[in-house]
Amino acid sequence: MKRWIMISSLLLAGAAQAQQTYPLTCRGGGISNSGLTLGLSTIDNSALVYYTKAPGPAPSGLQPGQCSWQDRAIGPNEPPCLRQTSPGAVAWIFTAPNQRQNSYLSSSTGTHWMRDLLSSNSYVTFQAYNPGNGGCFVVTRLGF
């Protein structure tokens, strides 16, 4: 019985690691009512990005604060946010209308892209997947 439990646990862990990811690109800036909100959660050590969904695929152009898949727009039932686990996350970074708190993390936390997204001249591409649990897209790595 114990062997079966151990094997099934290993199979489930392997299935989680094999999750298919897709490139999702975000343009920085747009720090407004309909733009980006960036944050670091001390509760679950996650870096968070809430964004505006672009009307088309990323190569068609992104306005500041928008994100989109490379091959299509983000669907209406897909989340408006990204989450990257970051064991070094220890503070909140929040940007909102008329408020910009420049409290950045070092690149050692793996969330240096947050600084890049404060500029509308910056684009960041994430490999991400939808966990299907109503939560944010899960970031597995940066780049294509």
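The values are calculated or read from the model by the stated rules, or taken from the named source; none is laboratory data. All values reported here derive from a predicted model rather than from experimental measurement. Because the Cβ atoms are built from the backbone with ideal geometry, glycine has one as well, and the counts that use them run over all protein chains shown.
Can you give me the number of residues within segment 25-56 that are at pLDDT 90 or above, out of contact with any Pro (no Cβ under 7 Å at 6 or more places or on another chain), farther than 11 Å from residue 81 by Cα and not in a loop (DSSP other than H, G, I, E, B)?
1
Can you name every residue in segment 118-131 that is in a loop (DSSP other than H, G, I, E, B) and either charged (D, E, K, R) or under 14 Å from residue 74 (Cα atoms) (or both)?
130 - this is the single residue of segment 118-131 that is in a loop (DSSP other than H, G, I, E, B) and either charged (D, E, K, R) or under 14 Å from residue 74 (Cα atoms) (or both).
Would a scan of segment 66-81 turn up a residue that is under 15 Å from the mean Cα position of the chain (by Cα), farther than 22 Å from residue 132 by Cβ, part of a loop (DSSP other than H, G, I, E, B) and modelled with pLDDT under 95?
The answer is no, given that none of the residues of segment 66-81 is under 15 Å from the mean Cα position of the chain (by Cα), farther than 22 Å from residue 132 by Cβ, part of a loop (DSSP other than H, G, I, E, B) and modelled with pLDDT under 95.
Which condition number in (1) in a loop (DSSP other than H, G, I, E, B); (2) under 18 Å from residue 51 (Cβ atoms); (3) modelled with pLDDT of 80 or more is the one that residue 111 fails?
Only one criterion is unmet by residue 111, namely (3).
Quick check, is residue 59 in a helix (DSSP H, G or I), loosely packed, with under 15 Cβ neighbours inside 10 Å and modelled with pLDDT of 85 or more?
Details: in a helix (DSSP H, G or I): yes; loosely packed, with under 15 Cβ neighbours inside 10 Å: yes; modelled with pLDDT of 85 or more: yes.
In short, yes.
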